[in-house]
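Taking it in order: structure first as structure tokens, then the write-up.
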Number of protein chains: 2
Amino acid sequence: MNRIAATYGVLGIGNAIVDVLGRCDDAFLAAEGIDKGTMTLIDDARAVALYAAMGPAVEVSGGSAGNTMAAYASLVGQAGPPGAFIGKVRNDQLGAVFAHDIRAAGVAFTTPPAADGPPTARCLILVTPDAQRSMNTYLGACVNLAEGDIDEALVAASAVTYLEGYLFDPPAAQAAFRKAAALAHQAGREVSLSLSDPFCVGRHRAAFRALVREEVDILFANEAEILSLYEVSRFDEALAAVRAETKVACLTRSEKGSIIVAGNEVHVIDAEPAQVVDTTGAGDAYAAGFLAGHVRGLGLAMSGRLGSLAAAEAISHYGARPVRPLAALAAERLGLAA
Amino acid sequence: MNRIAATYGVLGIGNAIVDVLGRCDDAFLAAEGIDKGTMTLIDDARAVALYAAMGPAVEVSGGSAGNTMAAYASLVGQAGPPGAFIGKVRNDQLGAVFAHDIRAAGVAFTTPPAADGPPTARCLILVTPDAQRSMNTYLGACVNLAEGDIDEALVAASAVTYLEGYLFDPPAAQAAFRKAAALAHQAGREVSLSLSDPFCVGRHRAAFRALVREEVDILFANEAEILSLYEVSRFDEALAAVRAETKVACLTRSEKGSIIVAGNEVHVIDAEPAQVVDTTGAGDAYAAGFLAGHVRGLGLAMSGRLGSLAAAEAISHYGARPVRPLAALAAERLGLAA
């Protein structure tokens, strides 16, 4: 562990994506052949066709790690330590939107935008009346995130480097991902990974298994993802497997809350009550809450409760990033000093 | 009056704008020198500086007449008659967003985007905790809307041509505005105008006075706008003045409801109760409701009630365009066949 105080609490690295959020019914998902509740990678032609078919939409900055960093910044507020983000946009209008929003949230973001190549990534998110979101991601400029974009000093100055599993989809980003993890450990810092999505785990299972064993200090996964990682059918089996392999694992189970295991320490954290409007960003917010507690040394149980609180806020409105200032919410509900 | 049935109920002509909606407090408005509740025109440099200063935002298609047409389409639903829109975007990402959203709402939109010149217009909308919105408009590509964009056949095929007063700000659009009004009357159709904003009225008072006397069949104005138009201090004086000059005037007064005057006919319409979240688009939605009733021959009173209903829906959520399908709401609340 690096004894030099970190300048940043968390450095998130992920796909820099603008969400295009629209409402639809189940018939639309069926007609378009979309699996409800999952993330599907789509190419440019499909992105154009699906956008043309979907209803009026709202554009809002997203991306899994981007959402996590926005929620993290809202949780730590002025007290810090601040967060930073690495991700690749193009120098186009949606790239400017992404950069503005993450900076305006209080997150340091200095990755240079691509000057050519595909446009800024978009995720066409279809929200059904049951508050489920089905995501269709066109990676666009994210395929240009490369090792050169990993700022070594920034990684060394961050207590935790947080990587979203989705970053394994664009091939060059995998190398950036591995470089960041290696640099973090060289600097005596921690590495955290979110498994992101069960299908993403399916696409990269062997690599994720190796990463979890060898590189990951803090793992985030929901039930479907951890079952997919270990190819088991019972949550309890996945729990035993992950417990043997990581320092800390946070396993989220929607309304059943979360389980945090770290060696012999086990915490069962209840979900915070919420009026569910749109589940987009629940997992991202949970990771933000946990990490905000962790980097401030609040312990696993309180960190987990912060995760539940942030997730409850995220699902109580349309869109993934926080609407209410989370530091104030944490002060009010958990008695944490803002 | 043209005896040939119109293909379109309403043709809206206005500035094609993408709204950039963010929350702020009163101190931010004061620091930025922004007059709460009004619309200010800003140049490119100010648009960049204000965007950099404001918090995280959401992008959603807007524009006064664009909002009206989206609400109109939601109100008439499949039953029709459909609506159409003329407005100028650039061939950039935000232009594609505007075009998608208005078409996805069910509105015909065929104005060709500009291939060069300024980017698609943006309106930086700051929403304060009291639900007031302060608008800062960068007109961008809207300055390129010109007479050539007024499709004569489309105007002749529309029962009502609806013009937003804001269209008087970009100079070339004024000529397009006058051409559209003249064509509509030549085709035996009606012309409707919204005064848009008290400062907009102040900028173009003489021209608006002449238009109201000579060209406008159906006028929409809120209290501040109609007082500004006639430079009087009492609502009752403005009422008398407008009554002498237009066929139909719909004067909206926020929570006090609206007054509709048409010759000797007078209707006092109550506001629909609503939980106010964001007043953006209330006037646009009222015009949509009134016109949807008017083109279906429902009479002034029922048309006014449709206006109130659409306005109440608009202010009950963040953003200007309807979230709930308005045809279903009208069926439920007013017993209108969907």
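The values are calculated or read from the model by the stated rules, or taken from the named source; none is laboratory data. What you see is a predicted model; the values in this text were computed from it and never measured. Note that each Cβ is placed from the backbone with ideal geometry, even for glycine, and that neighbours are counted across all protein chains shown.
Couple of notes before you dig in:
Yes/no per residue for (1) under 24 Å from B:GLU255 (Cβ atoms); (2) not in a helix (DSSP H, G or I):
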{"residue": "B:VAL191", "(1), (2)": "no, yes"}
{"residue": "B:GLY202", "(1), (2)": "no, no"}
{"residue": "B:PHE220", "(1), (2)": "yes, yes"}
{"residue": "B:GLU225", "(1), (2)": "yes, no"}
{"residue": "B:ALA238", "(1), (2)": "yes, no"}
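- A:VAL232 vs. criteria of a type outside the set (Asp, Glu), without any contact (Cβ under 8 Å) to a residue 60 or more places away in the chain, touching a helix residue (DSSP H, G or I) at 6+ places or on another chain (Cβ under 6 Å) and assigned to a strand (DSSP E or B): no
- Of the residues in the range A:117-129, at least one is surrounded by 24 or more Cβ atoms within 10 Å (Cβ to Cβ) and among the small types (Gly, Ala, Ser).
- Selection over the range A:296-325 of residues that are assigned to a helix (DSSP H, G or I) and under 17 Å from the mean Cα position of the chain (by Cα) gives a count of 12.
- Qualifying residue in the range A:147-159 (condition: acidic (Asp, Glu), farther than 28 Å from A:TYR8 by Cα, away from chain B (no Cβ under 14 Å) and outside any helix (DSSP H, G or I)): no
- Subset of the range A:107-141 (residues that are over 23 Å from A:TYR72 (Cα atoms) and either in a strand (DSSP E or B) or touching a Pro at 6+ places or on another chain (Cβ under 9 Å) (or both)): A:ALA114, A:THR120, A:LEU124, A:LEU126, A:VAL127, A:SER134, A:ASN136, A:THR137, A:TYR138, A:LEU139, A:GLY140, A:ALA141
- Residue count, the range B:186-232 (criterion: within 30 Å of B:ILE4 (Cα to Cα) and surrounded by fewer than 16 Cβ atoms within 10 Å (Cβ to Cβ)): 5
- Residue ID - farthest from B:CYS24 (Cα to Cα), chosen from residues in the range B:135-182 that are hydroxyl-bearing (Ser, Thr, Tyr) and modelled with pLDDT of 95 or more: B:SER158
- Residue that is surrounded by the most Cβ atoms within 10 Å (Cβ to Cβ) [pool: residues in the range B:240-275 that are in a strand (DSSP E or B) and small (Gly, Ala, Ser)]: B:SER258
- Scanning the range B:294-327 for residues that are surrounded by fewer than 24 Cβ atoms within 10 Å (Cβ to Cβ) and within 23 Å of B:THR7 (Cα to Cα) yields B:VAL295, B:ARG296, B:GLY297, B:LEU298, B:GLY299, B:LEU300, B:MET302, B:PRO325, B:ALA327.
- Of all the residues in the range B:88-106, those that are under 19 Å from the mean Cα position of the chain (by Cα), surrounded by fewer than 24 Cβ atoms within 10 Å (Cβ to Cβ) and not in a helix (DSSP H, G or I) number 2.
- Yes/no for A:THR120 being touching a strand residue (DSSP E or B) at 6+ places or on another chain (Cβ under 8 Å), within 14 Å of chain B (Cβ to nearest Cβ) and of a type in the set (Ser, Thr, Tyr): yes
- Enumerated helices (runs of 4 or more DSSP H) restricted to the range B:8-87, each holding at least 3 residues that are within 14 Å of chain A (Cβ to nearest Cβ): B:44-53, B:64-76
- Odd one out for A:VAL18, checked against (1) closer than 26 Å to A:ALA287 by Cβ; (2) touching a helix residue (DSSP H, G or I) at 6+ places or on another chain (Cβ under 7 Å); (3) surrounded by fewer than 18 Cβ atoms within 10 Å (Cβ to Cβ): (3)
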